[in-house]
Amino acid sequence: MSPRLGRRTVALAALAPLLLTACGTGAGTPKAGHGHGRPAANAAAASGHNDADVMFLQMMIEHHRQGLEMARLAAGRAPREEVRRLAAAVAATQADEVRTMRSWLTRWSEPTTVDHAPGAHADHGGMPATGEKEIRALRGAKGAEFENAFLSLFLAHQHNAVKMARTETSKGGDAETKAFAQRVVESRSDQIRQMLGLLNA
């Protein structure tokens, strides 16, 4: 197997299990009052947002937490300058997005953290997270091995972000949050194309 094909195979293998973990990415409508004790219709009538908006922001904040850790590692440790530059840009963007998402949830008087109780997101496929085992392995990797592992993991990670954001654009009620979700779809899709190019370079 050629090195290029091997890297592509690693990337696709990493995508398969992680694309199944994104809570809120299924076709089902979020349960009314999920985690907030009130019907979605009442929430939307009162403030323009619904439970899908709240769940999307809470879960995306958690998703960003892991993404920031991976991107910051890559910004300092990836051998290639173009990978370090991409990772640094991603980290800066996502740190700013976390501040924005937290501010919206605070404005709505909603928790800024996602419910980690077992089964809390069972109806939505589970937590939107890269496995902690994979992140631990990434921390210990070095050189080209680190770079290939980062790109493969982050490809899957950003695919999850796209799926979560697309669900928000169809299920959410708040126009500002839905517009943000559409920007996530576009920016992460662009990052995915860049990372595939870097893996295959």
In sequence order, calculated HN-Hα J values of region 98-107 (Karplus, 6.51, -1.76, 1.60; Hz; x Gly/Pro) | 4, 4, 5, 5, 4, 5, 5, 4, 5, 4
Arrange the peptides 153-166, 98-111, 176-189 so that the one whose residues have, on average, the most other Cβ atoms within 10 Å appears first.
-> 153-166, 176-189, 98-111
Hey, can you grab everything whose amide H is under 5 Å from the amide H of residue 173? Only 5+ residues off in sequence or another chain; H modelled, so Pro and N-termini drop out.
-> 50, 53
Gain upon complete extension [residue 139, residue 80; 0.36 nm per residue less C-alpha separation] = 19.5 nm
Peptides 137-148, 82-93: what's the order by average Cβ count within 10 Å, highest mean first?
-> 82-93, 137-148
Run down the aspartates and glutamates and flag those whose C-alpha is under 16 Å from the C-alpha of residue 171, throwing out any fewer than 8 positions away in its chain.
-> 51, 53, 123
Using 0.36 nm per residue of separation minus the Cα-Cα distance, give me the extension gain between residue 89 and residue 170 in nm, one decimal.
-> 26.4 nm
Phi angles of region 66-74, converted by Karplus (6.51 cos²θ - 1.76 cosθ + 1.60, θ = phi - 60°) into ³J(HN,Hα) in whole Hz with x for Gly and Pro, give 5, x, 5, 4, 5, 5, 5, 4, 5
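Throughout, read-outs are computed from the coordinates displayed, never taken from laboratory work. Here the structure is a predicted model, which is why all the values come from computation and not from measurement. Ideal geometry is used to build each Cβ from the backbone, glycine not excepted, and the neighbour counts take in all protein chains shown.
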